[in-house]
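S.K.: Please see the structure below; I have some questions.
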Amino acid sequence: MKKHFTILMLLAALSGGASAAPYVLPSAQPGALTPYDWQPVYAIEGLYSMGDSRHTPDTWGVRGSLNLYSNAINTVRNQFGLYAGFESGSQSEHGLKVDMRKIPLTLGYDLNLALTDHFMIYMGGKAGYAFGHLKASNPHFSSSQHPGGFTFSLGGGIKYQCSESIYLKAGYEFSRTYFRDCHFGSGSQRWTPSQHVISIGVGCLF
């Protein structure tokens, strides 16, 4: 009996000491993400691009990307990406039909600013090289060219974080491409199509 009483007294003393001790946050486990780690983000977007001249048709397309996304816990997150897209479209005006395809390969950066736990706004840009195909035809002639050149885009939009690993995004960009070795129409007019791009997509964090 005395032995049991002694054990109970020791347990009571230990529990009292533990309750009085200050709470200490556990240290980060090996392999756990910290606010300064970078996560790979895979994204795919649908694109609708409006040409700003009669020589640049509206196009539809898709763009995929592989990004490095900072796991910051504050309101600012950085994102660096590698993008590959495909766009195609055509238009006819005054008997002239213009068909265009464009494959841009770009590097980009987005600055993400958190508004709430789920909503972020972003702004950024991309730059790289675009492979193109242009065909102009009317009842009397047809001309086809395969130019390439520097391309860039600037814009922004909003993201909605559905879960820890999935977000939805919608944005706007102004895009311009400077195609080399391509002269549209008569004379020395060089083809530099500009477009206003609307994008809607989804991203997955792993």
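The values are calculated or read from the model by the stated rules, or taken from the named source; none is laboratory data. The structure displayed is predicted, hence computed values, not measured ones. Here Cβ is always computed from backbone atoms with ideal geometry, including for glycine, and neighbour counts include all displayed protein chains.
S.K.: Being touching a residue at least 24 places away in the same chain (Cβ under 8 Å) and hydroxyl-bearing (S, T, Y) is the filter; apply it to region 87-111 and report the residue that is farthest from Q195 (Cα to Cα).
M.R.: In the first step, residues of region 87-111 are kept if they are touching a residue at least 24 places away in the same chain (Cβ under 8 Å); the result is 87-91, 93, 95-111.
Next, only the ones that are hydroxyl-bearing (S, T, Y) stay: 88, 90, 106, 109.
Values: S88: 12, S90: 14, T106: 16, Y109: 20 Å.
Among them, the one singled out is Y109.
S.K.: Now for a different question. So, in region 128-148, how many residues would count as being in contact with a Ser or Thr (Cβ under 6 Å, 6 or more places away or on another chain) and modelled with pLDDT of 90 or more?
M.R.: Here the count works out to 2.
S.K.: Select, from K135, K159, K97, the only residue that is in contact with a strand residue (DSSP E or B) (Cβ under 6 Å, 6 or more places away or on another chain) and either buried (at least 17 other Cβ atoms within 10 Å of the Cβ) or closer than 15 Å to R63 by Cβ (or both).
M.R.: Details: K135 fails: either buried (at least 17 other Cβ atoms within 10 Å of the Cβ) or closer than 15 Å to R63 by Cβ (or both); K97 fails: either buried (at least 17 other Cβ atoms within 10 Å of the Cβ) or closer than 15 Å to R63 by Cβ (or both).
Unique residue meeting the criteria: K159.
S.K.: Is there any pair linking a residue in region 184-199 that is closer than 17 Å to H146 by Cα to one that is of a type in the set (D, E, K, R) and at pLDDT 85 or above, with Cβ under 9 Å and at least six apart or on different chains, and which?
M.R.: Final answer for the pair search is T192/R176; P193/K102; P193/R176.
S.K.: Out of everything in region 29-61 that is loosely packed, with under 13 Cβ neighbours inside 10 Å and of a type in the set (V, I, T), what residue ends up being modelled with the lowest pLDDT?
M.R.: Ranking the qualifying residues of region 29-61, first place goes to T34.
S.K.: Let me ask something additional. Hey, among the residues in region 100-110 that are surrounded by fewer than 16 Cβ atoms within 10 Å (Cβ to Cβ) and more than 18 Å from L205 (Cα to Cα), which one's nearest to the chain's Cα centre (by Cα)? Give the derivation first.
M.R.: So in region 100-110, the residues surrounded by fewer than 16 Cβ atoms within 10 Å (Cβ to Cβ) come out as 105, 107, 109.
Filter once more, so that each one left must be more than 18 Å from L205 (Cα to Cα): 105, 107.
Details: L105: 13, L107: 10 Å.
Taking the candidates together, the pick is L107.
S.K.: Additional query: For region 69-94, how many residues are surrounded by fewer than 18 Cβ atoms within 10 Å (Cβ to Cβ), at pLDDT 90 or above and within 22 Å of L47 (Cα to Cα)?
M.R.: Residues meeting the conditions: 5.
S.K.: Within region 149-166, track down each residue that is touching a residue at least 40 places away in the same chain (Cβ under 8 Å), assigned to a strand (DSSP E or B) and under 16 Å from R77 (Cβ atoms).
M.R.: G157, K159, Y160, Q161
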